[in-house]
Amino acid sequence: MESAQASRGKWALSTYCVLPPLRVNVSHLLMPVLVFVFLLFFQLEAQASDADQNCGLPNNPEIFQSGTQEELLVWTLEKDLRAQAWSRSRLHEKFINEARTKTNTDQTALLQRQRSFYRGTKEEIWFDRILNGSFGRISPLGCLDGLLFERFLQESAPGSVGEFQAFLLERAEPQQWRVYFQPLALVLDFRNQIAPKRASQQIPQRLRSDLKAGWKMRLHLHNHPFLFLDGQTDIAGTVIPSANDRAYAQKLRAEYGLEEFWITNGIDTFQAQTKELFTEWK
C-alpha cells in the first residue's frame with residue numbers, strides 16, 4: 001500500500017506532466033518596449049522642434065552696409081531670446097568638436113592655463129575672482145548667445161580669427177526686444193601683426209535714437225576666439241573680461257545705461273551685472 005506521501009508525490013508528478021508547455025510570444029514582450037522607445041524619441045524630437053521654433057531670428061533683419069560689406073544687422077523681436085530653449089546647429093557642433101581635438105575646452109582649465117601667462121600682473125586677481133566664483137558666472141550657451149555665435153560662424157571666412165559684438169535692448173510699451181549685431185567688429189591679422197577694427201558708425205547713432213524712444217540697454221555680448229596658431233603659446237578661448245573689455249563696459253554703462261556684460265567663446269558664456277563689475281573693479 002502506498003504511503004500518503006508517495007501518493008501525493010505521484011499526483012504532483014502527474015499533474016506537472018499534464019500541464020501544457022509555457023509558450024512565450026516574444027513580440028508581445030518587445031512591443032511595449034518599442035512603443036516606449038518610439039514615444040521617447042518622438043518627445044525628444046518635439047522638444048528639439050519647439051526649441052528651434054522658439055529660438056530663432058527672423059529672416060529679414062534691417063541691414064546697414066559700409067560699401068558692399070554688411071556692417072550692422074538689427075532684429076526687432078516679440079519675445080526675449082534669453083528665456084528660450086536652444087539646440088546647436090551642425091555648424092556649431094563642428095566648431096566645438098574641432099576645438100576639442102586641439103585642447104581641453106573646459107573653461108576652468110582654460111582660465112587656469114591662461115592665468116599662468118599673467119602671473120605677477122594686475123590681471124591675475126581677475127582670474128582668481130572668476131575661478132573662485134566671486135565675480136560673475138559661467139554657463140553653457142543659451143538661445144541668444146548661441147544664435148549670435150552661430151551667425152558669426154556663418155559670416156566668418158574659413159580659418160579667420162575675429163570677434164563680433166551685439167547689443168540687446170528692451171522696451172515696455174509695446175514689449176519688444178531689439179538685437180544689434182555687428183558680425184565682424186574685430187578681425188585679427190596675425191600675418192601683419194595688426195588688429196584692424198571696423199567700428200560701425202551706425203551703432204551709436206541707432207542706440208541714441210532708440211534710448212530716446214524709451215528702449216533700455218539690457219546687455220552687451222562679444223566673443224573671445226581660440227588662437228590655434230603656430231607658435232602661439234596662449235591659445236586664449238577664455239571668457240574673462242580683459243582690461244579693455246572692462247573699460248568698454250564702463251563706457252557703455254555711463255553713456256547708455258548698460259545692465260549686463262556677456263562674453264562667450266562659443267562653448268561657455270560669462271555673464272555679469274555691470275554694477276557688479278564696477279564694484280569689483282573699484
How far, in nm, would the chain grow between Q175 and A254 when pulled straight, counting 0.36 nm per residue and subtracting the alpha carbon separation?
26.0 nm
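If the chain between E78 and N59 were fully stretched, how many nm would it gain, using 0.36 nm times the residue separation less the Cα-Cα distance? Kindly include the intermediate steps, with their values, before the conclusion.
Details: separation 19, 0.36 × 19 = 6.84 nm, distance 1.43 nm.
Fully extending the segment from E78 to N59 adds 5.4 nm.
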Spin-label point model (7 Å from Cα, Cβ direction): what's the Q273 to N244 distance in nm?
2.9 nm
Can you list residues whose amide H is under 5 Å from Q165's amide H, if they're 5+ apart or on another chain and H is modeled 1.01 Å from N?
Q182, A185
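Calculate, for R100 and Q205, the FRET efficiency according to 1/(1 + (r/R0)^6) with r their C-beta to C-beta distance and R0 41 Å; round to the nearest 0.05.
On the way: r = 41 Å, r/R0 = 1.00.
Computed FRET efficiency for R100 and Q205 comes out at 0.50.
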Can you check what the Kirkwood hydrodynamic radius comes to for segment 62-281, Cα pairs only, in Å to one decimal?
18.2 Å
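Taking the Cβ-Cβ separation of Y118 and S89 as r and a Förster radius of 30 Å, what is the calculated FRET efficiency to the nearest 0.05?
Numbers: r = 34 Å, r/R0 = 1.13.
About 0.30, to the nearest 0.05.
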Can you tell me the dipole magnitude for segment 62-281 around its Cα centre, using point charges on the Cβ only (Lys, Arg +1; Asp, Glu -1), in Debye to the nearest 20?
200 debye
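Values in this text are rule-based calculations from the coordinates and carry no lab data. Nothing here was measured: the structure is a model prediction, and the numbers come from that model. No Cβ is skipped: glycine too gets one built from the backbone with ideal geometry, and neighbour counts run over all protein chains shown.
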